[in-house]
1. Considering each residue of segment 195-209, count those that are hydroxyl-bearing (S, T, Y) and touching a strand residue (DSSP E or B) at 6+ places or on another chain (Cβ under 7 Å), and give that number.
2. Looking at segment 275-287, which of its residues are crowded, with 21+ Cβ neighbours inside 10 Å and either in contact with a Gly (Cβ under 6 Å, 6 or more places away or on another chain) or of a type in the set (S, T, N, Q) (or both)?
3. Considering P196, P280, P221, P296, which residue is out of contact with any Lys or Arg (no Cβ under 6 Å at 6 or more places or on another chain), closer than 22 Å to A362 by Cβ and free of Cβ contacts under 8 Å to residues at least 60 places away in the same chain?
4. Cβ-Cβ below 7 Å, separation at least six or inter-chain, first residue in segment 89-107 and assigned to a loop (DSSP other than H, G, I, E, B), second crowded, with 16+ Cβ neighbours inside 10 Å and among the β-branched types (V, I, T): which pairs?
5. Tell me, please, whether a residue that is in a strand (DSSP E or B), more than 22 Å from the chain's Cα centre (by Cα), farther than 23 Å from A206 by Cβ and not assigned by TED's automatic domain parsing to the domain that holds G36 can be found in segment 126-139.
6. Going by the conditions given, is R212 in the same structural domain as T237 (by TED's automatic domain parsing) and more than 20 Å from G149 (Cβ to Cβ)?
7. Could you say whether any residue in segment 329-346 is in the same structural domain as F246 (by TED's automatic domain parsing), over 23 Å from A121 (Cα atoms), of a type in the set (D, E, K, R) and without any contact (Cβ under 8 Å) to a residue 24 or more places away in the chain?
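The values are calculated or read from the model by the stated rules, or taken from the named source; none is laboratory data. No experiment lies behind these values; they were computed from the predicted model shown. Note that we place each Cβ from the backbone using ideal geometry, even for glycine, and neighbour counts take in every protein chain shown.
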Amino acid sequence: MKNILAKRSFVLFTIVITAAFCFFAGSAFAEPDISGQWQSNLGVIYNITQIGDKFTWHMPSNNQMGFGDINGTNVSAVWPIGYATGTITVDTANRGIGINWSNGVVFTRPASPPPAPTPPAYTWQQIGTPAAAIYAGGNRLFATNPSSGDIYEYSGTPGSWTKVGSPGNMFAVGGNGQLYGLSPDLSGVWRYDNTPMNWTQIGGPASRIYARGNQLFATNPSTGDIYQYNHTPDSWTKIGGPGNVFAVGGMGQLYGLSPDMSGVWRYDGTPMSWTKIGGPASKIYAGGNQLFATNPSTGDIYRYDGTPNAWTKVGGPGYSFTVGGNGQLYGISPDMSGVWKYSGTPMIWTIIGEQAYAIAAAGNNLYGIQSGTLTVWRYIP
């Protein structure tokens, strides 16, 4: 009889707590989450099921059950032979990790693991080993070996490069992918004939060369004057005086920064005919039909609006910038910690990469040298 009464009492208690739980389940608040498995300081396991501010618990070792209420971090529980109150300790996710009960029992469980870091919304693929510099144009990419200075062409398959030339002082790539080089001692301008190690000298001494579209320009090392290549070896035309730096647009448009950096000028297509289109600048960058310049005081970058002296601020300072053949502007943050893409709307940029030492764009393609490792990477939009 005693066992029968015990069983009947337990069944009756189960019915009562189930009914009570169902009755109270409708009031759900943002209470701490205590659902799941717990272990007491007595080595006993408890499984808690929670809905809102109500819960039931079950002790598998002796099939004991109970129910309770949650009010903030305060908790109370009832079971067939007892009653207790307690205080809940929560982690940063408002998940209960400890309950100190008034009867001396302590529930514990591990804190919730930190959320997994959000993966970056950009992808880069390593395509080459360390490089000193990269040059891009058309659908071609070239890089110089940091030890030998030799120049290599990327085949389009990661890790596959072909040596195409010996060291040069600098190189430039036209919008059609044509590669040019300046000899190490500045004594001559050379054109790569698209067969590895086969080059043709097309000009004499120069201090710098600039290429884009189907145009090539070079500056005289003695006077600083700028010359345009006429597409015949040793045939060049003087088109302007000295400049601090020059930039070439996607269609071969030429722009120059005056020697004292006091103004930006546009070549009008007739030798020695130039138009001033902007004030002081420290650097100029061109690509496609776009021209950008950096403010010498703030480092902010401005876009030329197509009318002399009409410029729009589009971004803050950067370590360096590059413009693709489609006019897309990219920049490296001042501390070289990130690569950013200009949205086309002033001051709106999106981060697309990390830790870059140099970047080069051609058409829709963007390449970079990772700071630290100096390895070569390709951006995958």
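1. Looking only at that region, the number is 2.
2. A286, G287
3. Matching residue, one of P196, P280, P221, P296: P196.
4. As it stands, the answer is D91/I97, since those pairs meet every condition given.
5. No, that holds for no residue.
6. Considered against the rule, which asks whether it is in the same structural domain as T237 (by TED's automatic domain parsing) and more than 20 Å from G149 (Cβ to Cβ), R212 comes out as yes.
7. Within segment 329-346 (the criterion being in the same structural domain as F246 (by TED's automatic domain parsing), over 23 Å from A121 (Cα atoms), of a type in the set (D, E, K, R) and without any contact (Cβ under 8 Å) to a residue 24 or more places away in the chain), the answer is no, since none of the residues qualifies.
Residue-wise test of (1) surrounded by 15 or more Cβ atoms within 10 Å (Cβ to Cβ); (2) touching a Pro at 6+ places or on another chain (Cβ under 9 Å); (3) more than 23 Å from T129 (Cβ to Cβ); (4) not acidic (D, E).
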{"position": "S333", "(1), (2), (3), (4)": "yes, yes, yes, yes"}
{"position": "V339", "(1), (2), (3), (4)": "yes, no, no, yes"}
{"position": "M347", "(1), (2), (3), (4)": "no, no, yes, yes"}
{"position": "A358", "(1), (2), (3), (4)": "yes, no, no, yes"}
{"position": "A362", "(1), (2), (3), (4)": "yes, no, no, yes"}
{"position": "G368", "(1), (2), (3), (4)": "yes, no, no, yes"}
